[in-house]
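The values are calculated or read from the model by the stated rules, or taken from the named source; none is laboratory data. Owing to the predicted nature of the structure, the values given are computational and were not obtained by experimental measurement. With ideal geometry, Cβ positions are generated from the backbone for all residues, glycine too; neighbour counts draw on all protein chains shown.
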C-alpha cells in the first residue's frame, strides 16, 4: 500500500482467542491521483460485523469496501457529506444482500470512518466501534457508543463502573444493515483540527472492552503505531480475547520528513 508523506499507519485485525472466524474488517484508502488526493484526503475505517455464520464477516467487508469506494467517487460533496452518503450506501447494500440471501437476514455491522483532509479530521460513525484522539499526553474519545448500556449511562440510570460489567453491554441500538431506510449516523458537524504528532486510534469493542482507556493511552503514547497495535492486540488476547480485535493507529505528521510505513 502506497501512503503519501504526512501519515504513519498501522493496522491489525485479529480473530481473538474464542471466535472461529473474524467478523471485523478494517481498511485504508487514498486516491492515486494527486488532484483527487487534494480534494478527498485519506480515509481510515473499522467495522465489527454481526449476524452469525458468515453474515457478520460479509456485512463488515461490504461496509468497508462500499464506504471506501463510494467516498472516493462522491463528486461535489464536502468530506462530511460524502462520508455520511457512503455509510448510507453501505447500509443499503447490506440490506439488499440480506434480502437476496435470506440466511443472512439479521446481518449488520458497526462502522467508524475517519477522513483526514489537510489538517482537518472528519468522522462518520454508527454502532460501538470507537475513535480516539491522542494529543499532548491526553486521550479523547471522538465517538459515542450506539448501545443500550450507553443510553442507560447517559440517562444516569447506571454508573461508568456498572456499565463496564453490564450483562447487556454488547447490545447495539443502531448498526448498518439493521432497520429500514433511515439509519442514524453520527457525522462531524465541524472538523477537528489536527496538530503534528496527533495520533488517532480506531478500534472495535474486542479491544476497548478488555483494555482500559488508561492502558490505551500509555501504550499508544509510548510506542510507534505498529508496535502499539501489536501490544494492544496481545493484551486483549491475554485477557481472554473473547471477541475479534481490530485496531488501526494513524500518526499525523505533515512535515516532509515524516516516516512512512504500512503494516498489516
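Here are a few things to note about the model shown:
- Hey, residue 77 closer than 17 Å to residue 116 by Cβ and either part of a helix (DSSP H, G or I) or at pLDDT below 95 (or both) or not: yes
- For the range 126-232, the strands (runs of 3 or more DSSP E) that sit wholly inside it and include 2 or more residues that are under 20 Å from residue 248 (Cβ atoms), touching a residue at least 24 places away in the same chain (Cβ under 8 Å) and touching a helix residue (DSSP H, G or I) at 6+ places or on another chain (Cβ under 7 Å) are 130-135, 199-203.
- Annotation note: of 108, 72, the sole residue that is surrounded by 15 or more Cβ atoms within 10 Å (Cβ to Cβ) and either without any contact (Cβ under 8 Å) to a residue 12 or more places away in the chain or over 15 Å from the mean Cα position of the chain (by Cα) (or both) is 72.
- The listed residues are 95, 88, and the only one of them that is surrounded by fewer than 24 Cβ atoms within 10 Å (Cβ to Cβ), modelled with pLDDT of 95 or more, under 19 Å from the mean Cα position of the chain (by Cα) and over 14 Å from residue 40 (Cα atoms) turns out to be 88.
- Of all residues in the range 88-119, those satisfying the criterion of being under 21 Å from residue 11 (Cα atoms) and out of contact with any helix residue (DSSP H, G or I) (no Cβ under 6 Å at 6 or more places or on another chain) are 110, 112, 114, 116.
- Within the range 113-125, the presence of a residue that is part of a loop (DSSP other than H, G, I, E, B) and free of Cβ contacts under 8 Å to residues at least 24 places away in the same chain is excluded.
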